[in-house]
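Here is the structure we will look at.
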Amino acid sequence: MKKESKFKDKKVITIIILVLVIVGLVTYIAFDKNIIFKSIASVNEMKGGAVKKLDLTKSLNTEGVKYSNPTTKEGDYGLNVTVNDNRKTATLSIDWPKFGPLSTASAYSDNTETYQINGFSKKIKSTFIGDIGQDSMGITLFFIMEDNTVEYMPMFINKTDHYEMNYQNNDSFKVSGTLSDVKDVYKLYNVDSSKENASSKTTIAAKKDGSFYDLGAIINKKESSSNDETISSSTIDWTFDNSKVKNSNGNKYYINNNNSMGINARLNDDKKSVELTVEWYKINQIYGNTNHPDSQQNIGTPYTIKLNNEISDIYLGGFGQDAGEETLFFLMKDKTVEYMPIKKATEKDNFSSFGKLSGVDGVIKFLTADTYSSQGSGWVTTLAQKEDGTFIDLNPIIKETGNY
C-alpha cells in the first residue's frame, strides 16, 4: 500500500510540474507575441476614460485647414507592413506589379519582394500606410510606438530635382525618426484636407479627447527645417494648386499616375544614356502600321538613347484623349527638359532626344494630370513642376514643335 501511495504521489507531482511548465510557456509566448501587452494596454485605455469622437475642427498644429472624409482604411498601393516578433523592426512587402507604376520607376520587379525596416527607437505597437499630398510620392508609413508617440518613413525622398525610393540599401529601409511633439496618439486616419483653393490628402493622428495632429504638415515643417539649402518637399509643397499652373487658360487639373504602354525606360548609371525596351507587339496595337519585324512577336527590343549632357530623371508622360502624343521626357541636370515623341520615334525606328523644349526651365519633377476645360471637355496632360512651386502645362508647348 505504501509503495502504491508513493507512486501516486510521484504521479501527481509530475502532473503538477507539467502543468506549471505549460502555463509558463503559454505566458512567455503571450508576452513575446505582445498578446498580454495588448490586453494590458486595452485595460489601461479603459481606465483612462472614454474615447471621444474625432473632431475634425480640433487640429493641434494647423489653422485654416478644413478636414473631411476620415477613414482608417490604409492606402492601397501594393504595400503590406507587419511588425516582427521583437517589435523593434518591421517587414515591408512590396507587390511590385502594383506599386511599380505608382513609383514612376522605369523598371521594377515582376514579383512581391520583402524588405526589413529598422532604426526604431522604441517598440512598435501598430502600423499604418498613410496618404500625404496629391500623388504617390507622398506615400508614408507610420508607426504608433509603445509610448503612443509616432515614428514615420516616407517611401520616397526628394532629391531636389527628382524623387528616389527611400532605400537604406537594396534589401532594407530605415525609419526617419520620431515626429516631434506628437504624443498620446490613439488612432491614425487618412483624410482629405483643403485650404483656400488647394486640396490634398494627409494623415492625422487622433488623441482620445477628439483632437488630432496633421502629420503631413509636421513632416513638411521637419523637412524644411533640416534642408535649408535644398528644395525640400515642404518648400515646393506636395499640395497641387490649380492656380499655380502658369499657362492653364482656365483649365482644371487633377493629378493621376498614367504611364505609356509598350515602352520601358531606365536611366543608366552614367546619367547620359537611357536603356529603352520597346514592345513592338503592343506598339502595333496602340499606333498600328509600324511594319517592324518584331511587331508580330510579344518580345521587347532594346535600344540605347545617348544624350550629350547629364540627365537627372526620365518620365513617360501622356497627352490628349487618344493614343499618339505619348512622350518620354528627359529632366536635365540644369533643370531644362528634352523630349522624345514616342509615336514618331517608333514610326522612324529612331530613338533619340528631339531637343530641348523652348521656355521650359527650373523644372524639378513631372506630374500626369486629367485636365478639364471650362466647357467640360477633358484630356490628359503632363505638368512640369518648377522649383518655385509653380507648374507648366507641357501640352501646348510640345504641340508647337511640329512633331505630333
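The values are calculated or read from the model by the stated rules, or taken from the named source; none is laboratory data. Every value quoted in this text rests on a predicted model; they were computed, and no experiment measured them. In this analysis, Cβ positions are derived from the backbone assuming ideal geometry, glycine residues included, and neighbour counts consider all displayed protein chains.
Just a yes or no: is a residue in region 343-366 among the polar types (S, T, N, Q) and over 24 Å from Leu267 (Cα atoms)? Step through it out loud before you land on a result.
Going through region 343-366, the residues among the polar types (S, T, N, Q) turn out to be 346, 350, 352-353, 358.
From what's left, over 24 Å from Leu267 (Cα atoms): none.
No, because not a single residue in region 343-366 is among the polar types (S, T, N, Q) and over 24 Å from Leu267 (Cα atoms).
If a residue must be closer than 23 Å to Lys122 by Cα, more than 13 Å from the chain's Cα centre (by Cα) and not in a loop (DSSP other than H, G, I, E, B), how many such residues does region 69-91 contain?
Adding up the residues that qualify gives 5.
Which members of region 142-199 meet the condition of being modelled with pLDDT of 90 or more, closer than 28 Å to Glu113 by Cα and among the hydroxyl-bearing types (Ser, Thr, Tyr)?
Those that are modelled with pLDDT of 90 or more, closer than 28 Å to Glu113 by Cα and among the hydroxyl-bearing types (Ser, Thr, Tyr): Tyr152, Thr178, Tyr189.
So for region 311-319 (the condition being free of Cβ contacts under 8 Å to residues at least 40 places away in the same chain, assigned to a loop (DSSP other than H, G, I, E, B) and either over 13 Å from Trp280 (Cα atoms) or among the hydrophobic types (A, V, I, L, M, F, W, C) (or both)), does at least one residue qualify? Spell out the reasoning first.
Of region 311-319, the ones free of Cβ contacts under 8 Å to residues at least 40 places away in the same chain are none.
So far as region 311-319 goes, no, none of its residues is free of Cβ contacts under 8 Å to residues at least 40 places away in the same chain, assigned to a loop (DSSP other than H, G, I, E, B) and either over 13 Å from Trp280 (Cα atoms) or among the hydrophobic types (A, V, I, L, M, F, W, C) (or both).
Identify, by number, the condition in (1) surrounded by fewer than 19 Cβ atoms within 10 Å (Cβ to Cβ); (2) more than 29 Å from Pro302 (Cα to Cα) that Gln385 doesn't meet.
Among (1) surrounded by fewer than 19 Cβ atoms within 10 Å (Cβ to Cβ); (2) more than 29 Å from Pro302 (Cα to Cα), Gln385 violates only (1).
Of the residues that sit in region 182-196 and are touching a strand residue (DSSP E or B) at 6+ places or on another chain (Cβ under 8 Å) and not in a strand (DSSP E or B), which one is surrounded by the most Cβ atoms within 10 Å (Cβ to Cβ)?
So the residue we want is Val185.
Name every residue in region 330-356 that is under 27 Å from the mean Cα position of the chain (by Cα) and surrounded by fewer than 17 Cβ atoms within 10 Å (Cβ to Cβ), in order of residue number.
Within region 330-356, Lys333, Asp334 meet the criteria.
Considering each of Phe128, Phe120 in turn, give the residue that is assigned to a strand (DSSP E or B) and more than 12 Å from the chain's Cα centre (by Cα). Before the answer, list the steps.
Details: Phe120 fails: assigned to a strand (DSSP E or B).
Answer to the selection: Phe128.
Can you find even one residue in region 389-397 that is in contact (Cβ under 8 Å) with a residue 12 or more places away in the chain, more than 14 Å from Asn251 (Cβ to Cβ) and assigned to a loop (DSSP other than H, G, I, E, B)?
Yes, because at least one residue in region 389-397 is in contact (Cβ under 8 Å) with a residue 12 or more places away in the chain, more than 14 Å from Asn251 (Cβ to Cβ) and assigned to a loop (DSSP other than H, G, I, E, B).
Do we have any residue at all in region 292-300 that's farther than 26 Å from Phe366 by Cα, outside the structural domain of Gly100 (by TED's automatic domain parsing) and either in contact with a Cys (Cβ under 9 Å, 6 or more places away or on another chain) or among the charged types (D, E, K, R) (or both)?
yes
Out of all the residues in region 366-379, is one or more at pLDDT 85 or above and of a type in the set (Val, Ile, Thr)?
Scanning region 366-379, I find no residue that is at pLDDT 85 or above and of a type in the set (Val, Ile, Thr), so the answer is no.
Only residues in region 200-212 that are over 16 Å from Asp131 (Cα atoms) and not assigned by TED's automatic domain parsing to the domain that holds Tyr189 count as the first member; pair them with residues that are among the acidic types (Asp, Glu) and surrounded by 24 or more Cβ atoms within 10 Å (Cβ to Cβ), Cβ under 8 angstrom, at least 6 apart or cross-chain, and list the lot.
So the pair list comes out empty.
Determine which single condition Phe319 fails, assuming it passes every other condition in (1) touching a Phe, Trp or Tyr at 6+ places or on another chain (Cβ under 8 Å); (2) modelled with pLDDT of 80 or more.
(2)
Run Asp361 past the list (1) at pLDDT 90 or above; (2) buried (at least 17 other Cβ atoms within 10 Å of the Cβ); (3) acidic (Asp, Glu); (4) part of a loop (DSSP other than H, G, I, E, B) and report the number of the one that doesn't hold.
Exception for Asp361: condition (2).
Condition (residue is among the polar types (S, T, N, Q) and touching a Leu at 6+ places or on another chain (Cβ under 6 Å)) applied to region 379-387: is it met by at least one residue? Step through it out loud before you land on a result.
Initially, region 379-387 is screened for residues among the polar types (S, T, N, Q), giving 381-382, 385.
When the remaining residues are screened for being touching a Leu at 6+ places or on another chain (Cβ under 6 Å), the result is 382.
Checked region 379-387: at least one residue is among the polar types (S, T, N, Q) and touching a Leu at 6+ places or on another chain (Cβ under 6 Å).
Suppose we keep only residues that are modelled with pLDDT of 80 or more and in contact with a helix residue (DSSP H, G or I) (Cβ under 8 Å, 6 or more places away or on another chain) within region 241-280. Which one would you say is nearest to Asp370 (Cα to Cα)?
Ile263
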